[in-house]
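Presented below is the structure to which this report refers.
The values are calculated or read from the model by the stated rules, or taken from the named source; none is laboratory data. No experiment lies behind these values; they were computed from the predicted model shown. So basically every Cβ, Gly included, is an ideal-geometry build from the backbone, and we count neighbours across all protein chains shown. SASA here: full protein model, heavy atoms, side chains in, ligands and nucleic acids out. Shrake-Rupley method; radii C 1.70, N 1.55, O 1.52, S 1.80 Å.
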Amino acid sequence: MTRVALAFSGGLDTTVCVPLLEEEYGYDEVIGVTVDVGQPASEFDEAEETAEALDLDHYVVDAKAEFADLCFDSVRANATYQGYPLGTALARPVIAEAILQVAQEQDCDGIAHGCTGKGNDQLRFEAVWRDSDLEVIAPVRELGLTREWEQEYADDKDLPVEGGSGGDWSIDTNLWSRSVEGDELEDPSYVPPTDIYDWTDEPSGESEEIEITFEAGYPVAVDGEEYDSVSLIEHLNELAGSYGVGRTDSMEDRMLGLKVRENYEHPAATTLLNAHEALEGLVLTQEEREFKQLIDQRWSKKGYEGLVDAPLVGALEGFIAQTQRRVTGTVTVRFEGGTARPVARDSEFAAYSAEHASFDTETVGKIKQEDATGVAKYHGFQRRLANAVTDDDADAETVELATDGGEE
Ligand code: ARG
């Protein structure tokens, strides 16, 4: 008796995978696993109903808290890839890990996903699964399936597939972001209709200010009220979303090299990332901020690749943790016109002296205004020397000759 665990959403791709795993791959039994990373309830209903209609053993694993914690780690790393806060990317290893665990508990021989051979998710899932001894199966990719073929096959087999909750768009939702792609959106010159958005309202003239509290770089409270990671994200998605915060429309360079048009909504992520960066601006030194950009960029890249367990990430986390010890304080964010703009920040660890920076003070401690004169004398010194020995006339002649030549 052989058994295979399938990452199951109840959508067309994963639904056709169920009979295909038996017919084409010879498995005696398929079990479906759906992992909760904050999808809307309707998706679980769809998965549940489809599983029942298919007579599929169906497991639902709640990984929301674990995923939300990873999202908060990404805030400490100011993590975005080409403007996208990595919702889908960060969720995949969490989902893959949870499915693997069920597969092992249920004595499965294989593990399968319904990803195509075009996207990033196949790579992110398999990076986790190929650490195990299970047979890794990707029917859609391996059998070269298209949506059209799948639809026909489903009709033939009388499989329980509906139009899907998102109509013609391909949608991926979790706590951190909602991604919309496919169909007309594949044309980069096509302006998306507003109904592709579900989390964000059209920005109005209204505005609102909120205060976000961070401890060691982690968001812990909104307007003085403490939240766990899941409910803090849910709360901000709701609130910032009502001001139209966090829409991205980008040409995304995928791991395989394909460029794909992507639309995202991520109100909480945008709010928290903006606030966090504003607080770092107050407490970190100039050189820490500058160097951390390199660290953050590498962290983001590994996040995008679905490889947050790579040793490099652990090493980057060392630097991040060291800097975040001082990223404690509050940031006031104003929601206005589709933006979440930090308008005030406060921390006991501020690397800032109002006294020294002020235009109104002459001498602070041992530092007087005129002490800057020496610095000003040296500023740009080498450039002064180099420019003085450059033969500007010769240069001018060369340019003139070239222009004359061109005209003749
Ligand atoms: N391109 C994004 C990523 O690789 C998200 C794709 C989400 N999938 C979807 N069907 N909308 O992270």
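The table below gives the values:
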quantity: All positions within the range 178-194 that are in a helix (DSSP H, G or I) and within 16 Å of the ligand (Cβ to nearest atom); calculated: Asp183, Glu184, Leu185, Glu186
quantity: Count of residues meeting criterion [within 13 Å of the chain's Cα centre (by Cα) and open to solvent by 10 Å² or more (accessible area, probe 1.4 Å)] in the range 55-71; calculated: 1
quantity: So Ala89, is it crowded, with 23+ Cβ neighbours inside 10 Å, within 14 Å of the ligand (Cβ to nearest atom) and more than 22 Å from Trp129 (Cβ to Cβ); calculated: no
quantity: Where Ala240 falls short, out of the listed (1) open to solvent by less than 70 Å² (accessible area, probe 1.4 Å); (2) free of Cβ contacts under 8 Å to residues at least 60 places away in the same chain; (3) under 23 Å from Gly38 (Cβ atoms); (4) away from the ligand (no atom under 16 Å from the Cβ); calculated: (2)
quantity: Hits in the range 75-85 (condition: closer than 14 Å to Asp253 by Cβ and out of contact with any strand residue (DSSP E or B) (no Cβ under 7 Å at 6 or more places or on another chain)); calculated: Thr80, Tyr81
quantity: Qualifying residue in the range 23-42 (condition: in a helix (DSSP H, G or I), away from the ligand (no atom under 15 Å from the Cβ) and of a type in the set (Val, Ile, Thr)); calculated: no
quantity: Flag for Glu52 being in a helix (DSSP H, G or I), of a type in the set (Asp, Glu) and crowded, with 17+ Cβ neighbours inside 10 Å; calculated: no
quantity: Count of the range 260-291 residues which are of a type in the set (D, E, K, R) and free of Cβ contacts under 8 Å to residues at least 60 places away in the same chain; calculated: 4
quantity: Qualifying positions in the range 327-381 - open to solvent by 100 Å² or more (accessible area, probe 1.4 Å) and either assigned to a loop (DSSP other than H, G, I, E, B) or of a type in the set (Phe, Trp, Tyr) (or both); calculated: Glu348, Tyr352, Phe359, Asp360, Lys366, Tyr378, His379
quantity: Selection from the range 115-141 of residues that are within 16 Å of the ligand (Cβ to nearest atom) and outside any helix (DSSP H, G or I); calculated: Cys115, Thr116, Gly117, Lys118, Gly119, Asn120, Ala138
